[in-house]
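Comments concern the structure below.
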Amino acid sequence: MEKRSCSFNSLLVLLTLSGFYISIPRLCSRLQIARSILSLLLCLLLAGCPTAWYVYLIIVTSSAYGSGIDWGILGGEFFMYGVSVFTIVWRCFMSVFFTYSMTKCLPNFLEALGRHYRENGRESTARKVSRFFGVVCCFSFPLVVFFSGVYMPLVDETLTCWSMMNQTIGEQGLSVICNQIALWRTLVFIVAYGGNALLYVPDIVYYGVWVVLFLEAKSFNKRLSKHNFVTSAKPDEDLEHFRFGHEALCVLLDKANVAFRHFLFARYAFGAPVVLFALRFLILNKKNVAVTQTVLVIMGVICVQMAIVTITAAALSVQMNIFLSRLQSGSIGFNVYGLFTIDLSAVLMICGTLMTYAVIILQFQPVTGTLVTTLPVSTTPTPTLSSVNVTAEE
């Protein structure tokens, strides 16, 4: 990057070490070319190994279980297989599109952010933001190591539950899987699960950028609320000044949106189908407690991630729309490929979709164990009151 935006390079260093940023040489120097090749190799290693590991896990499990797997739509093995396939597609999507957006668009946002502080004479704020990004990057590595240490036994437990889901599968299938995994545990687990833990890095970078934009919008609205246009000597110039300030914030938000649009799309496009898949499994299958717990953990993690992304983006959208609340033609904020802006209406839309899906599944669930008794129909005519009276008179 250029020298004027070098104060925010800590984010690019974090993304480079995580395999989500490829350094593009601006000059034909050997140092920059070597740095670019190294970042490319690191990206291929950290992105390719976890994806290859999931493919290997599916192949090994399928070959070990063979015909013993219950591939029915309600089978737990079918659910775990579907989650693994979704994970592979998500990893490939993030490795290609998110890395491309970080390489091309994030430097433009950091450059625009530094220029915004310089033009407004806020060099001290720029230094604070630079220190904030540095602290975020320093603390993210211990968090990644911690999640990596927690994620490894969690996946091992999930694999064990997966192997014990079907009663027809004996201990032989489990031993075959464990023996094949043990051959790669010392090397592949470190790279594969370490690469999976590095998937938290896009969240860390997104939330760091969100904090900066949210505080900028909140500070702008605070200055706007304290300014008195009635007693001002030049209210027109003051209003024009605030309008230019809001346009500058909109430019920053647009550049950040271009950088993180693939991340936001991946959160919804690959998270919502897994949640719906898990809801269907939990509603229609109530036999195995171990599988249900695993499904609840997976669905809970995905729902928490989607909820945090939605709430933060909606809060930023509210702050950005305060100044231009009279313009109701379109909302301002993070959007997913221009289809919809993540605000409070998006929260209601997602919650309504999930509730509607659950109600439909419950409505069409077959009723079992209900006894319906029918009374025998008598062919003898029932005596009426008139016939009884005639008989009594006789």
Check your understanding: Out of curiosity, is F265 closer than 27 Å to G82 by Cα, at pLDDT 85 or above, surrounded by 14 or more Cβ atoms within 10 Å (Cβ to Cβ) and of a type in the set (A, V, I, L, M, F, W, C)?
Key -> yes
Practice item. Identify, by number, the condition in (1) out of contact with any helix residue (DSSP H, G or I) (no Cβ under 9 Å at 6 or more places or on another chain); (2) closer than 30 Å to F244 by Cβ; (3) among the small types (G, A, S); (4) modelled with pLDDT of 85 or more that G352 doesn't meet. Key: (2)
Check your understanding: Does V274 qualify as being closer than 25 Å to L324 by Cβ and touching a residue at least 60 places away in the same chain (Cβ under 8 Å)?
Key -> no
**Study point:** Within the range 2-93, helices (runs of 4 or more DSSP H) holding 1 or more residues that are modelled with pLDDT under 70 and under 27 Å from R267 (Cβ atoms)
**Key:** 30-65, 76-93
Revision key, fill the gap. Residue pairs qualifying under the 6 Å Cβ cut-off, at least six apart or on distinct chains, with the first in the range 339-368 being under 20 Å from I302 (Cα atoms) and of a type in the set (D, E, K, R) and the second being modelled with pLDDT of 80 or more and surrounded by 10 or more Cβ atoms within 10 Å (Cβ to Cβ), are D343/A314; D343/S317
**Study point:** the range 119-146, residues that are modelled with pLDDT of 85 or more and either assigned to a loop (DSSP other than H, G, I, E, B) or touching a Leu at 6+ places or on another chain (Cβ under 7 Å) (or both)
**Key:** F133
Point to revise | Selection from the range 101-117 of residues that are touching a residue at least 24 places away in the same chain (Cβ under 8 Å) and not polar (S, T, N, Q) | key: M102, C105, L106, P107, F109, L110, E111, A112, L113, G114, R115, H116
Point to revise | Filter result for L224 (over 25 Å from F340 (Cβ atoms), touching a helix residue (DSSP H, G or I) at 6+ places or on another chain (Cβ under 7 Å), surrounded by 14 or more Cβ atoms within 10 Å (Cβ to Cβ) and free of Cβ contacts under 8 Å to residues at least 60 places away in the same chain) | key: no
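The values are calculated or read from the model by the stated rules, or taken from the named source; none is laboratory data. Computed from a predicted structure; not experimentally measured. Cβ sites come from the backbone with ideal geometry, for glycine too, and all protein chains shown count toward neighbours.
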